[in-house]
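Here the structure comes first, spelled out in structure tokens, and everything after it is commentary.
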Amino acid sequence: MNVTKLAMAVALAVSGVSHAYLYIHGYQHIPTIGTAFVVQASVSFALALLILIGGPSWLLWAAAALAGGAVGAFVLSRTVGLFGFSEQGWQPSPHAAISVFAELVAVGLWASYVIGHRRRVVPQTSLLSRATRTI
């Protein structure tokens, strides 16, 4: 297991814990949003576990999509609202900040993984093949 995958699993677990906590402490009563929070927590835990046990690399893409979607939902809930739900600032504190930070870390780790993976996959061209392309 490489460090990026381990860190991604930890970030997902932190986001999952935060969403589960908020679900248990009041969000379960909010229509649609409560369900979204329990689904977010469940999928975060599942992806974290699958990444930890060595699942395929596409799980990192799924994790980044989940984390990015959560950040997007957070922004919507603070601006135009989301399914009739809105919050102000970083409330509920500290869980809003914790989950957004964990999700941004997950997206950043995914970007780091993709960039690093592409650098390893791109074949190194020889000087001869570079020269023939420029002619």
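So which DSSP H runs in the chain come out at 24 Å plus along the axis (Cα) with average Kyte-Doolittle of at least -0.5?
What comes out of the filter, once short or polar helices are dropped, is 3-24, 33-52, 58-78, 95-121.
Nearest 500 deg cm²/dmol is fine: what mean residue ellipticity at 222 nm does the chain get from its DSSP H runs of n ≥ 4 alone, each adding -39,500 (n - 2.57), divided by its residue count?
Helix contribution divided over all residues of the chain: -25000 deg cm²/dmol.
Where Rh is the Kirkwood radius over the Cα pairs of the chain, the temperature 25 °C and the viscosity 0.890 mPa s, what D in µm²/s does Stokes-Einstein return?
151
What is the dipole size for the chain, taken about its Cα centre, with +1 at each Lys and Arg Cβ and -1 at each Asp and Glu Cβ, in debye to the nearest 20?
740
Hey, rough spin-label estimate for residue 35 and residue 50, points 7 angstrom out along Cα→Cβ, what's it come to in nanometres?
2.2
What percent do you get for the relative contact order of segment 3-134 when only Cα pairs under 8 Å and 6+ apart count?
For segment 3-134, the relative contact order is 31 percent.
With a 10 Å Cβ neighbour count serving as the proxy for reagent exposure, in which order, fewest first, do 37, 74 appear?
74, 37
Taking neighbour Cβ counts within 10 Å as the exposure measure, how do 78, 118 sort from fewest upward?
Listed from fewest to most nearby Cβ atoms, that is 118, 78.
Bear in mind that the values in this text are calculations on the coordinates, not laboratory data. Values in this document were obtained by computation on a predicted structure and should not be read as measured data. Cβ coordinates were reconstructed from backbone atoms using ideal geometry, including for glycine residues, and neighbour counts include every protein chain displayed.
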